[in-house]
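Trainee: Pasting a structure below so you can have a look.
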Amino acid sequence: MNKDTGLKIALMLLGILLSVGPLIIALGSHNWNIMAAVMPSDAEIKQSTDMVTGLFDNKGFENAFSIGLPTIQGNTLRVTTQFTSPFNFPITLNELVVSVSDQGATIAQARNEGVVEIPARGTANITFVGTYTGALPTNPQIQIDNLTVEFYGITVFAQMSSVQGGQQ
């Protein structure tokens, strides 16, 4: 047997050991019960659910948005919205695309102007910019089309349902 063959066999055995070893350790730590090793227990599921639920320990977005009066310069619509975060952690708003409607009709689509840092349970102003032609809306409402936020180093993209607010 030459050195190359010995090295090939050693590397093959190392690969097998690195593949099978963690499985044997996992099964051994769960008394060789495959279901216990693969499926979380009810207590572990409840603990995970409680951790996620704890992120949102109030009723959420009921009073999170307060919409300011829109302004139009040319065909550019600007609406400043005050957002009060219901979260116990800071978030970075990378992108928020909304549809602006007035009296049931969609009148514009707008997106946030730049990245917005929102402190935990804090308030931040978000300026939306979009194009619009026509008279100023009298009762603007927003519907979130999509949202990209970052928290704890995780970037989340979501499409959301309607969130409405009144004028400031």
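Trainee: Residue under question is Phe61, and the condition is that it be aromatic (Phe, Trp, Tyr), modelled with pLDDT under 80 and over 15 Å from Ile144 (Cα atoms); does it hold? It would help to see each step written out before you state the result.
Mentor: On the way: aromatic (Phe, Trp, Tyr): yes; modelled with pLDDT under 80: yes; over 15 Å from Ile144 (Cα atoms): no.
Criteria not met by Phe61.
Matching residues to (1) crowded, with 19+ Cβ neighbours inside 10 Å; (2) among the aliphatic types (A, V, I, L, M); (3) more than 19 Å from the chain's Cα centre (by Cα):
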{"position": "Ile107", "(1), (2), (3)": "yes, yes, yes"}
{"position": "Ile118", "(1), (2), (3)": "yes, yes, no"}
{"position": "Thr123", "(1), (2), (3)": "no, no, no"}
{"position": "Thr127", "(1), (2), (3)": "no, no, yes"}
{"position": "Gly130", "(1), (2), (3)": "yes, no, yes"}
{"position": "Pro137", "(1), (2), (3)": "yes, no, yes"}
{"position": "Gln141", "(1), (2), (3)": "yes, no, yes"}
{"position": "Asp145", "(1), (2), (3)": "no, no, no"}
{"position": "Glu150", "(1), (2), (3)": "no, no, no"}
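Trainee: Then there is this: Taking Val97 and the conditions (1) at pLDDT 85 or above; (2) surrounded by 15 or more Cβ atoms within 10 Å (Cβ to Cβ); (3) in a loop (DSSP other than H, G, I, E, B), which numbered condition does it fall short on, given that it satisfies the others?
Mentor: (3)
Trainee: List every residue pair whose Cβ atoms sit under 8 Å apart, with the two residues 6 or more apart in sequence or on different chains, where the first one lies in the stretch 30-42 and is part of a loop (DSSP other than H, G, I, E, B) and the second, anywhere, is among the small types (Gly, Ala, Ser).
Mentor: Pairs that qualify, where the first residue is part of a loop (DSSP other than H, G, I, E, B) and the partner is among the small types (Gly, Ala, Ser), are His30/Ala36; His30/Ala37; Pro40/Ser48.
Trainee: Looking only at residues in the stretch 108-130 that are in contact with an Asp or Glu (Cβ under 7 Å, 6 or more places away or on another chain) and of a type in the set (Val, Ile, Thr), which one is nearest to Thr84 (Cα to Cα)?
Mentor: Taking the candidates together, the pick is Thr127.
Trainee: Which members of the stretch 114-157 meet the condition of being modelled with pLDDT under 80 and part of a strand (DSSP E or B)? Walk me through it before giving the result.
Mentor: Pass one, the stretch 114-157, residues modelled with pLDDT under 80: 132-144.
Those that are modelled with pLDDT under 80 and part of a strand (DSSP E or B): Pro140, Gln141, Ile142, Gln143, Ile144.
Trainee: So, in the stretch 77-94, of the ones that are hydroxyl-bearing (Ser, Thr, Tyr) and surrounded by 15 or more Cβ atoms within 10 Å (Cβ to Cβ), which residue ends up nearest to Ile67 (Cα to Cα)?
Mentor: So in the stretch 77-94, the residues hydroxyl-bearing (Ser, Thr, Tyr) come out as 80-81, 84-85, 92.
The next check asks that each one be surrounded by 15 or more Cβ atoms within 10 Å (Cβ to Cβ); those that pass are 80-81, 85.
Values: Thr80: 6, Thr81: 4, Ser85: 15 Å.
Checking each candidate, the answer is Thr81.
Trainee: While we're looking at this one, here's another question. Among all residue pairs at least 6 apart or on different chains, which show Cβ distances below 8 Å where the first residue, located in the stretch 93-114, is without any contact (Cβ under 8 Å) to a residue 12 or more places away in the chain and the second is buried (at least 17 other Cβ atoms within 10 Å of the Cβ) and not in a strand (DSSP E or B)?
Mentor: Matching pairs, first to second residue: none at all.
The values are calculated or read from the model by the stated rules, or taken from the named source; none is laboratory data. These numbers come from a predicted model, not from an experiment. No Cβ is skipped: glycine too gets one built from the backbone with ideal geometry, and neighbour counts run over all protein chains shown.
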